[in-house]
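The values are calculated or read from the model by the stated rules, or taken from the named source; none is laboratory data. This one's a predicted model, so the numbers in the text were calculated from it and none came from an experiment. Note that each Cβ is placed from the backbone with ideal geometry, even for glycine, and that neighbours are counted across all protein chains shown. Accessible surface areas use protein heavy atoms only, side chains included; no ligands, DNA or RNA. Shrake-Rupley method; radii C 1.70, N 1.55, O 1.52, S 1.80 Å.
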Amino acid sequence: MFAVGLTGGIGSGKTTVADLFAKHGIVIVDTDVIAHRITAPGGPAMPLIEQAFGSRFIAPDGSLDRAKMRTLVFSNDAARVRLEGITHPLIRAETERQRGTATGPYVVIVVPLLIESDTWKTRVDRVLVVDCSTETQIARVMRRNAFSREQVLAIMARQASREARLAAADDVIVNDDAPLAQLEQEVRRLHRHYLALAGGKPT
Ligand code: ADP
């Protein structure tokens, strides 16, 4: 199935744009949702995480203690690599499963760190970047997550730069407080384009 990788920095508007593609009947595979599911109670990552990190990273309900793990991996690169070694293969496998069972002309796969990963770039047929200014990103995430400016900046520092993302893009949606109608129009234009591209490729 032809796949569009949808990416962008935190708060750029990935979810907002993905929702607009879904309105055209396009199946959305969201790697963030999958990442949450595999670390939910009973999720396939949980026994492996417990084995690797110990039970103190498991919340009472059996899910990943996200706050504790976030604190660890932010300051400890080896731990981050170990955690990703567990989660990434599971996320990739589930993404491919959903892509394989999806109906429709193409799928949109939402991957926040697509540019940062060589694996993802080669797995999608097209890279769509949602772009906005750094200040817009900061303001949105402070509002949405009740984060401090410093917290948002710390997350952004771990993500690719705006320039790197734009350099890797096949298509770009500029979302600096674009009115919804404008976003809808952009998505409609790209949807037509992707229909044409996907048409040439067996699903
Ligand atoms: P991401 O998934 O990239 O983190 P979201 O789609 O969740 O970003 O958008 C971040 C926040 O900004 C959300 O609260 C969303 O409602 C808001 N937002 C996104 N695009 C716009 C826009 N064009 N105008 C106003 N608010 C927006």
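Details
- Members of region 179-189 that are within 11 Å of the ligand (Cβ to nearest atom) and without any contact (Cβ under 8 Å) to a residue 60 or more places away in the chain: PRO179, LEU180, ALA181, GLN182, GLU186
- Scope region 140-157; condition without any contact (Cβ under 8 Å) to a residue 40 or more places away in the chain and either open to solvent by 60 Å² or more (accessible area, probe 1.4 Å) or within 10 Å of the ligand (Cβ to nearest atom) (or both); matching residues: MET142, ARG143, ASN145, ALA146, ARG149, GLU150, GLN151, LEU153, ALA157
- Conditions (1) open to solvent by less than 70 Å² (accessible area, probe 1.4 Å); (2) within 16 Å of the ligand (Cβ to nearest atom); number of the one not met by ARG162: (1)
- Any hit, region 74-82, residues being more than 24 Å from ALA196 (Cβ to Cβ), of a type in the set (S, T, N, Q) and assigned by TED's automatic domain parsing to the domain that holds ALA169: no
- Checked against the criterion of being modelled with pLDDT of 95 or more, open to solvent by 20 Å² or more (accessible area, probe 1.4 Å) and assigned by TED's automatic domain parsing to the domain that holds HIS191, the candidates THR15, THR7 yield just one match: THR15.
- Selection within region 96-146 - among the acidic types (Asp, Glu) and within 17 Å of VAL29 (Cα to Cα): GLU96, ASP125
- For region 73-90, the set of residues classified as surrounded by 15 or more Cβ atoms within 10 Å (Cβ to Cβ) and modelled with pLDDT under 95 consists of VAL73, ARG80, HIS88, listed by residue number.
- Test: residue in region 62-72 that is among the charged types (D, E, K, R) and either open to solvent by less than 20 Å² (accessible area, probe 1.4 Å) or closer than 26 Å to LYS23 by Cβ (or both): no
- Test: residue in region 37-53 that is in the same structural domain as SER133 (by TED's automatic domain parsing), closer than 17 Å to PRO112 by Cβ and open to solvent by 80 Å² or more (accessible area, probe 1.4 Å): no
- Test for VAL107: is it in contact (Cβ under 8 Å) with a residue 40 or more places away in the chain, surrounded by 17 or more Cβ atoms within 10 Å (Cβ to Cβ) and touching a Lys or Arg at 6+ places or on another chain (Cβ under 8 Å): yes
- Restricting ILE28, ILE34, ILE58, ILE38 to those that are more than 16 Å from the ligand (Cβ to nearest atom), out of contact with any His (no Cβ under 6 Å at 6 or more places or on another chain) and closer than 17 Å to GLU94 by Cα reduces the list to ILE38.
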